[in-house]
1. Among the residues of segment 193-216, which ones are out of contact with any Asp or Glu (no Cβ under 8 Å at 6 or more places or on another chain), part of a helix (DSSP H, G or I) and either more than 21 Å from His169 (Cβ to Cβ) or polar (S, T, N, Q) (or both)?
2. Taking the options Glu63, Glu87, name whichever one is assigned by the TED database to the domain that holds Ala136, surrounded by fewer than 19 Cβ atoms within 10 Å (Cβ to Cβ), in a loop (DSSP other than H, G, I, E, B) and among the charged types (D, E, K, R).
3. Name the single residue that is least open to solvent (accessible area, probe 1.4 Å) among those in segment 90-118 being under 30 Å from Leu232 (Cα atoms) and among the acidic types (Asp, Glu).
4. Tally up the residues in segment 66-84 that are open to solvent by 40 Å² or more (accessible area, probe 1.4 Å), in a loop (DSSP other than H, G, I, E, B) and not small (Gly, Ala, Ser), please.
5. Could you check Thr182 against (1) β-branched (Val, Ile, Thr); (2) at pLDDT 95 or above; (3) open to solvent by 40 Å² or more (accessible area, probe 1.4 Å); (4) within 19 Å of Gly112 (Cβ to Cβ) and say which number it fails?
6. In segment 17-52, what residues are of a type in the set (Ser, Thr, Tyr) and either crowded, with 18+ Cβ neighbours inside 10 Å or under 14 Å from the mean Cα position of the chain (by Cα) (or both)?
Amino acid sequence: MTTDATHPHPHLRVETDGPVRVVTLDRPDKRNAQTPSLWRALAEEARSLPEEVRVVVIRGAGEAFSAGIDTAMFGPVGVEGEESMAELVATHGPEAMDRAIAAYQEGFTAWGECPALVVAQVHGYAIGAGFQLALAADLRVASLEAWFAMRETSLGLVPDLGGTGPLVHLVGYARALEICATGRRVSAPEAHAMGLVNAIAPAADLDEATFSLVQHVLTAPEPAVRALKPLLRSAVTADRDTQLAAERSAQSGLLRALMGGATG
């Protein structure tokens, strides 16, 4: 990346080069452990993408993509500058907790709602919230030595940052249940074989593999790719007639634009 480097959060670095934006989790000393303020920054980043950005790459600095939530948040001291989970549980009722978690989820779900195509570039490991952030992307590229794990159950919790739906849709209910209930490591080759990851590459070639995919996306006509993302995402939950109507609507708009351009 060569232009427009910004830091919208102390642990987030954003670099833009034309139609490509790279969002880097930048807390390598803590293995890119995540906090609520980071999730708010991620949500804002997804919502405020300039129209000219067509592809976003999310990656981590240092030795790993992300070790997940900063578990110090569950301790009595907490994390400086962040809301305390212990205080949230002790002093707030179920409705307030529901609102808090809903706000956290937006740092993940907003990427599916943004118009750009989002690619997670995973190296090292993606654990818990890190795994769920990778699942929030549209596509995933991983280094051969990377691994994924959903460790929430080891804390007596469940994944709650928007990752359960994508995981089940990608690998099926039984496999998703086994991955979450056991908290085991899923290697990059296994993740690729089960459809969780789109491509794998040696660590030394990870950037090349990621940006080769990005360039292929950029080669396709922009209006078609922008229409394709919401169309395919809706196919996951829409009934047959609703999805057929969505296809017709998207295609009609594209055909009108093409024919208008051809005759204008």
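The values are calculated or read from the model by the stated rules, or taken from the named source; none is laboratory data. Small disclaimer: the values here were computed from a predicted structure and weren't measured. As a convention, Cβ positions derive from the backbone with ideal geometry for all residues, glycine included, and neighbour counts pool all protein chains shown. What goes into the accessible areas is simple: the full protein's heavy atoms, side chains included, and nothing from ligands, DNA or RNA. Shrake-Rupley method; radii C 1.70, N 1.55, O 1.52, S 1.80 Å.
1. Answer for segment 193-216, where residues must be out of contact with any Asp or Glu (no Cβ under 8 Å at 6 or more places or on another chain), part of a helix (DSSP H, G or I) and either more than 21 Å from His169 (Cβ to Cβ) or polar (S, T, N, Q) (or both): Ala204, Asp205, Leu206, Asp207, Glu208, Ala209, Thr210, Phe211, Ser212, Val214, Gln215, His216.
2. Testing whether each residue is assigned by the TED database to the domain that holds Ala136, surrounded by fewer than 19 Cβ atoms within 10 Å (Cβ to Cβ), in a loop (DSSP other than H, G, I, E, B) and among the charged types (D, E, K, R) leaves just Glu63.
3. Among them, the one singled out is Glu106.
4. Count: 4.
5. (4)
6. If we filter segment 17-52 for residues that are of a type in the set (Ser, Thr, Tyr), which is where we start, we get 24, 35, 37, 48.
Those that are of a type in the set (Ser, Thr, Tyr) and either crowded, with 18+ Cβ neighbours inside 10 Å or under 14 Å from the mean Cα position of the chain (by Cα) (or both): Thr24, Thr35.
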